[in-house]
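The values are calculated or read from the model by the stated rules, or taken from the named source; none is laboratory data. Since the structure is predicted, the reported quantities are computational estimates derived from the model, not experimental observations. For neighbour counting, all protein chains shown are included, and Cβ atoms are generated from backbone atoms with ideal geometry for every residue, glycine included.
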Amino acid sequence: MWNLSQKALAQALKELLNTKNLDNITVKDISSYCGLSRQTFYYHFSDVFDLVRWIFSTEALDELGDSNTFDTWQQGFLKVFAYCKNNKVLVLNAYHSVNRKSLEDFLYSQCFSLLMDVVDEEAIGMHVSHKHKVFIADFYKYAFVGMLEQWLDDGMEQDAMQIITQISILIEGDVKKALQKFESK
């Protein structure tokens, strides 16, 4: 459960982003905006980008729910796209900030986690090493995040469901085939 101070700081940052670029928002700005002390901010977060990471990890993870199976991965990725669109100002500010790596690391981490669950599910009954499963999940993680970053670069204009459908068509059966190729006989 989110702490009220953390929620207030997150909301303050989101509101400040309507008038300032993320790179120009300070801890003092955020604390003053929501009426909390800088000490309270630093009790919860090490810097502004730590707050951004926290927002992504708490809000987006709440959105993902149980979308980590072979049958539901499309809904999981669609939720990631929807979260980005619903939080466009925050996401684009983080994406275009000097600390863009925070957003990329978050996206890679979430995609890898979701994909690893799918790979593990598809590998049931097969003898594939963990190292090879990780390689497969990593491969698709980079493809998925790359597509999402292209979508962000294009201003989130393309229909997210269309992108997910195209990815689904493109990779249909490929995870299973990759596992079979790595299966130790």
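You will find that of L90, L179, L114, the residue that is aliphatic (A, V, I, L, M), under 29 Å from N21 (Cα atoms) and part of a helix (DSSP H, G or I) is L90 and no other.
As a summary of the residue check, A137 satisfies the conditions (1) under 18 Å from the mean Cα position of the chain (by Cα); (2) buried (at least 17 other Cβ atoms within 10 Å of the Cβ); (3) part of a loop (DSSP other than H, G, I, E, B) except for the one numbered (3). Taken as a whole, region 86-96 holds at least one residue that is surrounded by 15 or more Cβ atoms within 10 Å (Cβ to Cβ), over 10 Å from the mean Cα position of the chain (by Cα) and of a type in the set (S, T, N, Q).
Taking the conditions (1) assigned to a helix (DSSP H, G or I); (2) surrounded by 14 or more Cβ atoms within 10 Å (Cβ to Cβ) in turn, V128 satisfies each one other than (1).
Just a yes or no: is a residue in region 144-161 more than 19 Å from the chain's Cα centre (by Cα) and either assigned to a helix (DSSP H, G or I) or among the acidic types (D, E) (or both)?
Of all residues in region 144-161, those more than 19 Å from the chain's Cα centre (by Cα) come to none.
So far as region 144-161 goes, no, none of its residues is more than 19 Å from the chain's Cα centre (by Cα) and either assigned to a helix (DSSP H, G or I) or among the acidic types (D, E) (or both).
When Q74, Q39 are checked against the criterion of being touching a helix residue (DSSP H, G or I) at 6+ places or on another chain (Cβ under 7 Å) and either part of a helix (DSSP H, G or I) or at pLDDT 90 or above (or both), a single residue qualifies: Q74. Between I169, I164, which is crowded, with 17+ Cβ neighbours inside 10 Å, in the same structural domain as F112 (by TED's automatic domain parsing) and under 29 Å from H130 (Cα atoms)? From the options I169, I164, the qualifying one is I164.
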